[in-house]
Amino acid sequence: MRLRATILSSLTLALLCGTSTGALGDVQGGDDALAAVFYPNDLRVDARGVSQLTEIPQWTTMRVDLDATGSQNYLIVAYSNGFGGRVRVIREGASGPELVADPREPIMFGSSPSIEALNLAGDSRPEVVVGFANGRKGRSFAWVFQWGGQTLSSLNPFLDNDPDEVRERREIIDPTFVDVDGDGRMEILEPSENFGVDVEFEREEQSVPLVPDRSFNVLELGSDGFQQSAVGATYFGYFERLKGKPIATTEALKATAGHYVLRIINGEEGEHRVESAEIQLNGQIVASSNDFRARAAVIEKQVSLNATNSITVELRGGPGSRINVIIQKAAN
Amino acid sequence: VLLNPSPPEGNVKVTWDFAKTASTPKITVSGVTGSNVIENIYQGEKVFLGSYLTPVKVVATECGGLNRLRTTSAELTIPAPEQSNLQLEAQNLTMNLAAESKAISGSAVVTVPLGTRFSLGLVQVESGVRRELPSEFFLGPLLSLESPLAYPTCYESNVLLEFDENAFAGKQIFQAVHLGSQDVVVFSDEAPRQVVSVEVVRPLRLGNDGNTVTFNNVTYNLDDLLVTWSHKHGMPPQIAKAHVQHESLPFLNVMTYRYEPLSTDYLEFSPRGREQRKEPVYQFTRMEYDSFPRGANLVDAEDVHPRSKFNLDKTTTPKTKISDSEQMVTAKTIYDNNDYWQNWSKFIPSKRAQAIATDPDLELGWPAQTTIAASYGLMQVLYSEAVKFGGGVINGQLRPFYLFDRPEHVGVAGAGSIPTGTAVWASKFRWANGITSGTDSCAPAFKTPEKMDKKIQRASYLYNGAVKYGKDIMQYQLNYLPIPTGPMLP
């Protein structure tokens, strides 16, 4: 089950996640009020402290079935004071709602908290993904946590491998969760350091057309959390069939010229598969409706890329059907 | 008689012999310590204590003006006074300058520019052979600060950072982190205790490019401004200037302005995200939305005007720009008519792009918060950052326009982008070093300069959020290294 809440709204949460019938829901004012009660005092002190900075307290809540019991009896709250962030887990205790997990590691920072619950480990229990906006580009810095029954442990990759330093987990930037290899488990795509365009323009008259880099790092879940795979993705695109006449979407991308594998992950979690579509690469059809007719979960094509390329995708099936398109360097 | 260069060790013995007919004979010896004038002694010999700072010069005169000096000479005498063979060696590592040395006998003064990494060490010279003396270095108490520090900052109690502070080595590396002075006490098993007073001063300039800014025919010293605020927030000034290079478009454009409809506005201010436009701290500077009018503190011609660079309609000839009085301009309008040259869509995750393509009116059909969801000035600080860090205030008001580094703004403490930008960087440096509490002191120690550079790079990356940004800053800063005003050992 995929859950997402990016804004603080009990109504939205109810629609997306369902509401609990337990005592957690009985607090007057609902989850928002409960989250306010459990706002970490040290976030307030940290912002004000000696500094007298302007604190902007924010939080987002989500009810999650962490123990896979069929009941969303845990309230996850992601907090920010405008500078630093925190995630807390609240559950109904003998004498009312109680704090059951409050990890201090890793250190999280940013504002505008968001929460997602995703099954990343392939078991029955969801992982919790907490995000905070950071930097002038408004990027989301994400932290993936795994519930261990009593604690939340981070699954983020480590910052570096300096043997002299305490190992420290790093944020994941603008993560996209997608099953890259079609094995039924989601990987994380994170923009590479070259992602986007490397020039900005203050005035229109100074601008020139730019072909973007659309490459990603691929993070795979291992025994010690997510680790960067040796093979990245030169391109990733998510396409969804809209209502009305089919529309072709064209995107430009940079690449190192060579041989690649274009992989189409059809649908999500076995649903919403595309029955008819056409994909062109540099004007050549590389996947057509014949390839989609069998509604295979994964379709692979050998392709060649130039230094600059265009990919055009047109979905023709029922509205709501979707594909992920990934291009990766061929093995040899 | 001129002994030049001055003898590296030992004292100077001067002998003289005036004729008996000389009138008021006088020997003056410069370049030595202590009394250096001998009058009305016709013949003699005296040992002077060499100061080794300047060449030793001996001048013999008499009032008669005739040359009745029969002989005079100067020579090195042996033995040298105690510890006269001990030298302090200092090297500016940031600029990769040659090491300087100077005799030391108990104390010395070293001058370094802010942001400089340098080494100190004791050297013993015996028979022309130089040998580093293994020593232990301790930071003494802070003696002075040029001006008060500002929160957030690091190394609040020092002007120097000492690397690998427990080392017992021939040289020790330091970094000048604030303007002011502080002693370094040096202990060696082979020499008496030495006290080195380090004066951290303003550099002559930061590199050779972009040292001043001119706007509307008024010029100000950018380097001086960067040094002032870098000092307050404990930021290497060359790093601050590297951010200016990365952020200002084109370089040194004080009116640089960037609005982010698909990220900052979408995620933080719009009804599709956190909707922070509702927060009381933004009520006086936000753009109009729903039934709320434009913020009362906004001046259209100044605060709203930066959005006029965007097309309202790109299909007309000429293209129609957004007038300052135009109300309820949506993010969709700005996106549709300007993404082709602003490239916003090339930075966002594919799923957000798909959501926007699926229902653009829902996703972007809200009034664009072009005042509060934007970044300003040479360091491109977000308006929200100025709110949080208390910058950009003039006459009690924080307005977006005040974050532009115009000459009339930077003259007001806290206005322009640099005070906020350096504060934001300092907060990121604290986070990068695991210091999250505003009540905790920030004085991270590093075993090597390279380890500190990794944290500086990470703080710089966190400042912007682009993956490659930190690496770029470490490269750009090489253009703006602090140039010293003179030798380290004056």
Spatial separation of Cα centroids for the stretch A:256-314 and the stretch A:170-239, in angstrom: 18 Å
Where labels lie 7 Å past Cα in the beta-carbon direction, separation of B:Asp440 and B:Ile41 in nm: 6.7 nm
Angle between chain B longest axis and helix B:449-464 axis [Cα atoms, degrees, rounded to 10]: 30 degrees
Sorted by Cβ density within 10 Å, fewest first, the residues A:Glu205, B:Glu162, A:Glu300: A:Glu205, A:Glu300, B:Glu162
Theoretical gain in end-to-end length, B:Phe251 to B:Leu478 [0.36 nm per residue, Cα-Cα removed]: 80.1 nm
Debye equation applied to the C-alpha atoms of the protein assembly as shown, log10 I(q)/I(0) at 0.05, 0.06, 0.07, 0.09 Å⁻¹: -0.36, -0.49, -0.63, -0.93
Residues A:Asp65, B:Asp313, B:Asp265, sorted so that the one with the fewest Cβ neighbours within 10 Å comes first: B:Asp313, A:Asp65, B:Asp265
Share of pairwise Cα separations in the stretch B:85-181, more than 16 Å, in percent: 59 percent
Inter-label distance for A:Asp224 and B:Ala413, nm, one decimal - labels placed 7 Å from Cα along Cα-to-Cβ: 4.9 nm
On Cα atoms only, tilt of B:237-247 relative to the major axis of chain B in degrees: 30 degrees
Listed residue (B:Ala60, A:Val64, A:Gly148) projecting farthest to the positive dipole end of the protein assembly as shown, Cβ model: B:Ala60
Options B:Leu179, B:Leu312, B:Val109, ranked by Cα towards positive dipole end of chain B, top entry (Cβ charges): B:Leu312
Peptide B:255-266 - average C-beta neighbours from other chains (10 Å radius): 3
Normalised contact order of chain A, rounded percent, pairs of Cα under 8 Å and 6 or more residues apart: 11 percent
Histogram of C-alpha separations across the stretch B:234-318, 5 Å bin width, %: 3, 11, 14, 18, 19, 16, 14, 5, 2, 1, 0
Distance between the stretch B:354-413 and the stretch A:111-156 - C-alpha centres, whole angstrom: 29 Å
Angle in degrees between helix B:418-432 and the longest Cα principal axis of chain B, rounded to the nearest 10: 90 degrees
GNM result for chain A, Cα springs below 10 Å: residue of A:Leu75, A:Leu53, A:Leu152 fluctuating most strongly: A:Leu53
Value of D in µm² per second that Stokes-Einstein yields for chain B, Kirkwood Rh from Cα pairs, at 25 °C (0.890 mPa s): 92 µm²/s
Average beta-carbon neighbours from other chains, 10 Å sphere, peptide B:331-339: 0
Rg and Dmax [Cα atoms of the stretch A:137-265; Å; Rg one decimal, Dmax integer]: 18.1, 59
Normalised contact order of chain B, rounded percent, pairs of Cα under 8 Å and 6 or more residues apart: 15 percent
Chain A - Kirkwood radius from inverse mean 1/r over Cα pairs (Å): 21.9 Å
Order of B:Tyr259, B:Tyr476 - criterion: other Cβ atoms within 10 Å of each residue's Cβ, fewest first: B:Tyr476, B:Tyr259
Cα convex hull volume per residue for the stretch B:411-483 (Å³): 133 Å³
The stretch B:122-165 - convex hull of alpha carbons, volume per residue in Å³: 109 Å³
Among B:318-325, B:247-254, A:163-170, the order from most to least packed when residues are scored by Cβ within 10 Å on average: B:247-254, B:318-325, A:163-170
Contour minus Cα-Cα distance for B:Ser197 and B:Lys57 (0.36 nm per residue): 47.5 nm
Shielding by other protein chains, A:191-200, mean Cβ within 10 Å: 5
Pairwise label distance in nanometres, B:Val393 with A:Asn290, each label 7 Å out on the Cα-Cβ vector: 7.2 nm
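Quick note: the coordinates plus some simple rules give every number you see, no bench work behind them. What you see is a predicted model, and the numbers here were worked out from it, not measured in a lab. All Cβ positions, even for glycine, are placed from backbone atoms using ideal geometry, and neighbour counts span all protein chains on display.
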